[in-house]
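Please treat every number below as a calculation from the coordinates, not as lab data. Since we're looking at a predicted model, the values are computed, not measured. In this analysis, Cβ positions are derived from the backbone assuming ideal geometry, glycine residues included, and neighbour counts consider all displayed protein chains.
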Amino acid sequence: MVETPILTLHEIISMVASADGVTRLLLLLFPFFLLIELPMNLLIAAGVVRWYSRKMSTIPAAANYAPTVSCIITCYSEGRDVLKTLETLCEQVYPGDIELIPVIDGAAVNQETLQVIRDYRIDSGIHPRRHLKPIAKWQRGGRVSSLNAGLQQATGDIVLALDGDTSFDNTMVSSITRHFVDPGVPAVAGSLRVRNMRASLITRIQALEYFLSIHVSKTGLSEWNTVNNISGAFGAFRREFLLHIGGWDTHSAEDLDITLRIKGYFARHPLRIPFEPAAVGHTDAPVTLRQFLMQRLRWDGDLFFLYIRKHSHSMTPRLLGWPNFLMTLITGFFFQLVLPFMIVGYTLAALVLLPVQTLLILTTLVYLVYLAVTLCLYVLGLLLVSERPRDDLRLLAVVPLFPVFMFGLRCWGVVCTMNEVLRRGHEETSMAPWWVLKKGKRF
């Protein structure tokens, strides 16, 4: 029996350094793109085509399902911007009752937002079956405590968790609630778009990111029941199920946390979390590069806390089921936590090992591959998914910048993860006071 030789890291580096240019390109490009990212994008594209085919061949059901909907609106320092949220919820073309439950966190110091909500009146003649039930939390407790306070006052069968600075298309409620006809649906993910897209180049690129990663990707993933996250700014839940799992949990990134907790029932019950691209919310994205990086420092750092520290015990097919276990392992753990380090490592290796000419060829090749993938998903979303193609067509100008943007974002992901590993960065979030996070269970 012939023993298979085991290559050391030094031997592998020597092979790469001594190989010809084409071989080096394949060695550097192949591991982190073709093995994982290309199949994932093909899965998303297949899901989008499947969703579109099903949409074209299915006759819409009669809209006779109109349960009471409770909208928990978490407010902190929105000021008059909260009016956009309240007004767009009142203007919903939905025949059922809608409870508007704005929860003003830290109302003792958040007087402007509190006064705006107190002064708001719903004209029952113009907006019938709309009910305002404000809650003033005088001491600040963070977003999770606001959601749970609103949940205790909600009477609707369906609960929407919304941000106080998010506005909505007037068909949002009717689009998102129709999925709850199926008793196997505990939650539905809504779509988010960037409202201030024209504010800067950074917001335009984020608008494209939201379109590709939320509007298009979740449409495709939903077809395989593997939606990765229910956005904290806009998600719908069956109230009975929320109460069953104890509402939202302390700590940050409560949106991914509750998504993982819901998925923990998938292997035991035939449940699914659909994504509804026709249910659209509009939010403001960071305008400057610094604001954007600080936002992602919190978002991406929270991923390590959730996947490694808090939910590592539940990352099993016994709880999640095999499809969501594999999807969480790939899109959550690998893409978000491992791949950024691989990309930075490959980049540094290429800079050290390759001649300048070869390095330029490699960089160009990688860029063109990612550009082709981005362009394919963009065109697919524009033709099959987009509900406002004229607006999305304006994003074509920033498509060439998107691969560079994503490369920079992956590199920044290393900083975000290390900030959580070394400093427990999730405890420094602005989403909750430090004393609330300290009192929560430490992972």
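Numbers below:
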quantity: Segment Phe334-Arg198, extension gain: residue separation times 0.36 nm, minus the distance between their alpha carbons; calculated: 45.7 nm
quantity: FRET efficiency, Ala349 to Val93 (Cβ-Cβ, R0 51 Å, nearest 0.05); calculated: 0.35
quantity: Charge dipole (the chain, unit charges on Cβ, about Cα centre) - positive-most of Leu351, Thr374, Thr155; calculated: Thr155
quantity: Extension reserve of the Leu293-Leu368 stretch, reckoned as 0.36 nm per residue once the Cα distance is removed; calculated: 24.5 nm
quantity: Leu422 versus Val404: modelled label distance in nm, points set 7 Å from Cα along the beta carbon direction; calculated: 2.9 nm
quantity: Pairwise label distance in nanometres, Trp322 with Asp123, each label 7 Å out on the Cα-Cβ vector; calculated: 5.9 nm
quantity: Candidate values (i) 142; (ii) 173; (iii) 155, label of the one derived for volume of the Cα convex hull per residue in Å³; calculated: (ii)
quantity: Antiparallel %, DSSP beta bridges [both residues in the chain], to 5; calculated: 30 percent
quantity: DSSP beta bridge pairing in the stretch 67-287, given as percent antiparallel to the nearest 5; calculated: 30 percent
quantity: Cα gyration tensor, the stretch 67-287 - rounded (a/c under 1.5), prolate or oblate; calculated: rounded
quantity: Phe341-Lys55 FRET efficiency (beta carbon distance; Förster radius 35 Å; 0.05 resolution); calculated: 0.35
quantity: The stretch 343-428: trypsin sites (Lys or Arg not before Pro) in DSSP coil with no more than 11 other Cβ atoms inside 10 Å; calculated: none
quantity: Sequence-separation-based contact order of the chain, relative, with Cα cut under 8 Å and 6+ spacing, percent; calculated: 19 percent
quantity: Per-residue ³J(HN,Hα) for the stretch 36-48, Karplus 6.51 cos²θ - 1.76 cosθ + 1.60, θ = phi - 60°, Hz, x for Gly and Pro; calculated: 10, 5, 5, x, 5, 5, 5, 5, 5, 4, 5, x, 5
quantity: Computed magnitude of the charge dipole of the chain (debye, nearest 20; Cβ of K, R +1, Cβ of D, E -1); calculated: 440 debye
